[in-house]
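Reading through the structure tokens given below for one structure.
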Amino acid sequence: NAGVTQTPKFQVLKTGQSMTLQCAQDMNHNSMYWYRQDPGMGLRLIYYSASEGTTDKGEVPNGYNVSRLNKREFSLRLESAAPSQTSVYFCAGRWTDSYEQYFGPGTRLTVT
Amino acid sequence: AQSVTQPDIHITVSEGASLELRCNYSYGATPYLFWYVQSPGQGLQLLLKYFSGDTLVQGIKGFEAEFKRSQSSFNLRKPSVHWSDAAEYFCAVGAYNNDMRFGAGTRLTVKP
């Protein structure tokens with residue numbers, strides 16, 4: 001099993017450009033999550049999907065959109081990137097009857 | 001909403017010495033508590049978790065943590081630190097509604 005995978009690993013964008021971060025899992029997770037990690041702030045939840053077909057805002061959703069394409073895939077879209085979105089983005093998944101989350105390796109995004 | 005405080009931003013210990021990383025949480029109900037470890041450039045790996053029952057929980061890599069409700073704490077310990085334990089450690093508190101909050105992290109440096 002590959003677990004939780006994310007693409008790309010690194011990305012540099014100019015202000016105003018758009019892009020989609022991809023996340024896929026083969027662990028049969030029901031819920032999936034997108035976090036951003038900034039120095040000194042830990043991880044903050046952007047959006048989550050409790051089940052296929054549903055999405056909800058987390059702590060810091062502004063400037064982002066998500067799509068739960070199917071049970072395996074959960075993408076994060078930046079429509080118009082801003083320097084404040086420079087961060088490391090992590091995708092995670094969990095099973096319904098368990099509260100721990102399993103994380104992907106992350107995408108390091110720089111917006112210039 | 002729940003919150004987590006990790007009072008120590010950076011800790012340095014000598015190899016072979018004991019380790020304790022502090023974590024305090026705020027949550028109105030019974031918390032679900034976690035410790036994750038992040039090596040440089042990697043995703044987060046679950047070290048251990050507490051849901052209920054025995055307040056001393058054992059995890060991977062020789063780590064343990066003790067839940068103390070009266071102190072709202074969930075400190076992580078290891079009797080003898082190895083150089084490979086150098087990493088960043090995150091405490092997290094989860095709730096029934098999919099909301100997991102992370103502390104800002106404690107960076108551990110291990111001296112030879």
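Checking each residue in segment A:81-110 for being part of a strand (DSSP E or B), facing chain B (nearest Cβ under 10 Å) and open to solvent by less than 10 Å² (accessible area, probe 1.4 Å) picks out A:PHE90, A:CYS91, A:ALA92. Residues considered: B:TYR50, B:TYR36. Of these, the only one that is free of Cβ contacts under 8 Å to residues at least 40 places away in the same chain, within 14 Å of chain A (Cβ to nearest Cβ) and either under 13 Å from the mean Cα position of the chain (by Cα) or surrounded by fewer than 20 Cβ atoms within 10 Å (Cβ to Cβ) (or both) is B:TYR50. Kindly indicate the residue of segment A:25-45 that is aliphatic (A, V, I, L, M) and over 22 Å from B:PRO40 (Cα atoms) and also most open to solvent (accessible area, probe 1.4 Å) among those meeting that condition. Out of the qualifying residues, it is A:MET27. Filtered by the rule that a residue be among the charged types (D, E, K, R), within 14 Å of chain A (Cβ to nearest Cβ) and touching a residue at least 60 places away in the same chain (Cβ under 8 Å), segment B:59-112 gives B:ASP99, B:ARG101, B:ARG107. Scanning segment A:46-55 for residues that are polar (S, T, N, Q) and buried (at least 16 other Cβ atoms within 10 Å of the Cβ), we see that the one that is farthest from A:TYR99 (Cα to Cα) is A:THR55. Is it the case that A:PHE74 is aromatic (Phe, Trp, Tyr) and out of contact with any Ser or Thr (no Cβ under 7 Å at 6 or more places or on another chain)? So A:PHE74 fails the test.
I'd like the residue in segment A:56-80 that is open to solvent by 60 Å² or more (accessible area, probe 1.4 Å) and over 21 Å from A:LYS9 (Cβ atoms) and, out of all such residues, is modelled with the lowest pLDDT. Checked segment A:56-80; the qualifying residue modelled with the lowest pLDDT is A:GLU59.
The values are calculated or read from the model by the stated rules, or taken from the named source; none is laboratory data. Quick caveat: nothing in here was measured; it's all calculated off a predicted structure. Note: ideal-geometry Cβ built from the backbone for every residue, glycine included; neighbour counts use all protein chains shown. Side chains included, ligands, DNA and RNA excluded: accessible areas come from the protein's heavy atoms. Shrake-Rupley method; radii C 1.70, N 1.55, O 1.52, S 1.80 Å.
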